[in-house]
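Below is one structure, written out as structure tokens; comments come after it.
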Amino acid sequence: MLVLSHPSIGGPTDVLTTVAAGGVGSVLALLALTVDETDEAFANIYSTAVSLQNFVPRASQAAADRRGGGARDRVSLASISRSTSSSCSCSAAFFVPLFGVLFADWLVAGRHYSSDRIFRGPAWRPGMIAAWLAGFLLYEWIAQTQGLGFWSRLLAQLHPPGSGIGASLPGFAASFALALGVAVAAQVRRPQHAQA
């Protein structure tokens, strides 16, 4: 049973009780939300399957769909059973620096991607992965996600800076700056290899 904690009530509240207390309007709103979000689940499964096929090109679409959907379900169930704020913080720690890396790469590419850059680019870019990882670690150091076992215990031993700007801007800025340097260095080297 899914349980919510409401500060004004002071204790756990059953979700079904809350919906029932709202009457027919609450039930209709919940139904509309469920129907509206159904396409999101299918789009997420398809996106995951395509990403899996990039790593394993010979995998069938159906197998990738099943594995992607199963992984999504396991992550969703784990985040429901734990704190939602922890899963959101962990997602932000992952995606905010990733956006910094992608934005830097897109700028160096001339603010557009050609099909050659996407499909004939290097399969492994350790500099970009290191830039993302640096942003991720900085974000986690500042935000210190709770409820993740050894990772949370490790973070608890570190003392984050006392700034009031949060973790998103520093995480984005670090990954963006590092990725920009990596992308510029790679572009400078690329013409030299083309002439050789």
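The values are calculated or read from the model by the stated rules, or taken from the named source; none is laboratory data. What you see is a predicted model, and the numbers here were worked out from it, not measured in a lab. Note: ideal-geometry Cβ built from the backbone for every residue, glycine included; neighbour counts use all protein chains shown.
Please pick out the residue among Pro122, Pro161, Pro97, Pro170 that is of a type outside the set (A, V, I, L, M, F, W, C), closer than 22 Å to Asn54 by Cα and out of contact with any Gly (no Cβ under 7 Å at 6 or more places or on another chain). Spell out the reasoning first.
Values: Pro161 fails: closer than 22 Å to Asn54 by Cα; Pro97 fails: out of contact with any Gly (no Cβ under 7 Å at 6 or more places or on another chain); Pro170 fails: closer than 22 Å to Asn54 by Cα.
After ruling out the rest, the residue left standing is Pro122.
I'd like to check which helices (runs of 4 or more DSSP H) are fully inside segment 73-156 and have at least 1 residues that are under 25 Å from Glu40 (Cβ atoms), within 20 Å of the chain's Cα centre (by Cα) and modelled with pLDDT of 75 or more.
Numbers: elements: 84-108, 115-119, 126-143.
Fully inside segment 73-156 and qualifying: 84-108, 126-143.
Hey, Arg67 hits all of (1) crowded, with 16+ Cβ neighbours inside 10 Å; (2) of a type in the set (D, E, K, R); (3) modelled with pLDDT of 80 or more but one; which does it fall short on?
Status for Arg67: all satisfied but (3).
If a residue has to be farther than 15 Å from Gly135 by Cα, surrounded by 10 or more Cβ atoms within 10 Å (Cβ to Cβ) and without any contact (Cβ under 8 Å) to a residue 24 or more places away in the chain to count, how many in segment 162-188 make the cut?
Summing the residues that are farther than 15 Å from Gly135 by Cα, surrounded by 10 or more Cβ atoms within 10 Å (Cβ to Cβ) and without any contact (Cβ under 8 Å) to a residue 24 or more places away in the chain in segment 162-188 gives 1.
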